[in-house]
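This report concerns only the one structure given below.
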Amino acid sequence: MKDPNRRDFLKKSVALGAAAISTSLYSKAEPYSSLYIEDEPNLGIITDLSSNKALPITGTFLDEITHDIPSQNWGEKEWDQDFRYMKAIGIDTVIMIRSGYRKFITYPSPYLIKKGCYKPGRDLLDLFLRLAQKYGMKFYFGLYDSGVYWDTGDMSHEIEDNKYVIDEVWENYGRKYSSFGGWYLSGEISRATKGAIDSFHALGKQCKDVSGGLPTFISPWIDGKKAVMASGSSLTKEDAVSVRQHEKEWDEIFSGIHDVVDAVAFQDGHIDYDELDAFFTVNKKLADKYGMQCWTNAESFDRDMPIRFFPINFEKLRLKLEAAKRAGYDKAITFEFSHFMSPQSAYLQAGHLYDRYREYFGLL
């Protein structure tokens, strides 16, 4: 995911607004005990994970239009297998992290191609929706990222293109697939950011209006000690946000978007492990205050190494998921299963992480 750890990032300033409340979100997934993967000798019946001391991962981003993680060049066969691996550990939600970035796009958008984007050789959006439908998962569509925000620090530029993208995607895909379950507002921020509230509100409202109220969510990052530029040599910084300032700024942001944003999934990798409880408690408190679901984006890549980015040590992932459970979070998603947890990932360590995860939750 794009953030200041993973790409050059500009400092941003403020914009704020107001609103009312929406509590509808995603329907509960079927009980884990009923999820069964056929024809896989090593994949079996999922037992109830709710009694475990960690929050299980039940959602993942799908990252194919990316900035700094290499494509694995998978076709339908590999993606189908990956959905099987996801299903085997109880994943019920997949999220296309963005439908396009600058000139590269995941589906043949007439509007974006006319604007100068490259016509893709295959329709990943259609593929992901079909596979989600096949495996009984909900698919969230991630909006288009023009890149202007990352160049200017102003989110308001993202509204114009997405006005057309939202309409054409719903008309051509949302009405066709029952697996189309919601929307991901893909702009990533950490602090009070120019244009953020107005942009999230405008885009969230349009997504809901066009789709009859399907849920929306955001996945911001916390401006913690690990929020450093990926191009730099440092792993930490001194000017990290305090818990109190984080609470103040996000209280203001949530007050302006909570009527059109149903859930927030803060990225968990920018703070240290002994800070998890403090920030997670504040995040849950704020989400509850505004009637929003509180998810965690449990990053399955490691931010603590000078080589960026490899699969995380399971012990670190465990600490984060246990903290999310203690805080009473509603759901855990990850960035991102296919590169960092999948047995068929280009990274050998990812398959071992998958095995350690299954051992911990008793899925072997």
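Here are a few things to note about the model shown:
- Residue within segment 251-265 that is within 16 Å of Tyr329 (Cα to Cα), open to solvent by 50 Å² or more (accessible area, probe 1.4 Å) and within 21 Å of the chain's Cα centre (by Cα) present: no
- Inside segment 211-224, residues that are open to solvent by less than 40 Å² (accessible area, probe 1.4 Å) and either among the small types (Gly, Ala, Ser) or in a helix (DSSP H, G or I) (or both) make up a count of 4.
- With respect to the conditions (1) without any contact (Cβ under 8 Å) to a residue 60 or more places away in the chain; (2) open to solvent by 10 Å² or more (accessible area, probe 1.4 Å); (3) closer than 30 Å to Gly362 by Cα; (4) of a type outside the set (D, E, K, R), Gln72 lacks only one, and its number is (1).
- Single residue of segment 167-190 satisfying the filter (open to solvent by 70 Å² or more (accessible area, probe 1.4 Å) and of a type outside the set (Asp, Glu)) that is nearest to the chain's Cα centre (by Cα): Ser178
- The C-beta contact set for segment 307-329 (first residue over 15 Å from Lys284 (Cβ atoms), second residue modelled with pLDDT under 95, distance under 6 angstrom, 6+ apart or interchain) comprises Arg308/Ala230.
- Any chance Glu336 is out of contact with any helix residue (DSSP H, G or I) (no Cβ under 7 Å at 6 or more places or on another chain), open to solvent by less than 10 Å² (accessible area, probe 1.4 Å) and either over 20 Å from Phe61 (Cβ atoms) or of a type in the set (Asp, Glu) (or both): yes
- Positions within segment 124-133 being open to solvent by less than 80 Å² (accessible area, probe 1.4 Å) and farther than 14 Å from Trp74 by Cβ, in sequence order: Leu125, Asp126, Leu129, Ala132
- Test: residue in segment 242-260 that is in a loop (DSSP other than H, G, I, E, B) and within 26 Å of Glu64 (Cβ to Cβ): no
- If you check Asp330, Asp304, Asp277 for being acidic (Asp, Glu), modelled with pLDDT of 95 or more, open to solvent by 10 Å² or more (accessible area, probe 1.4 Å) and within 16 Å of Gly224 (Cβ to Cβ), only one passes: Asp277.
The values are calculated or read from the model by the stated rules, or taken from the named source; none is laboratory data. As the structure is a prediction and not an experimental result, all values here were calculated from the model. Don't worry about glycine lacking a Cβ; one is built from the backbone with ideal geometry, like all the others, and counts go over all protein chains shown. Accessible surface areas use protein heavy atoms only, side chains included; no ligands, DNA or RNA. Shrake-Rupley method; radii C 1.70, N 1.55, O 1.52, S 1.80 Å.
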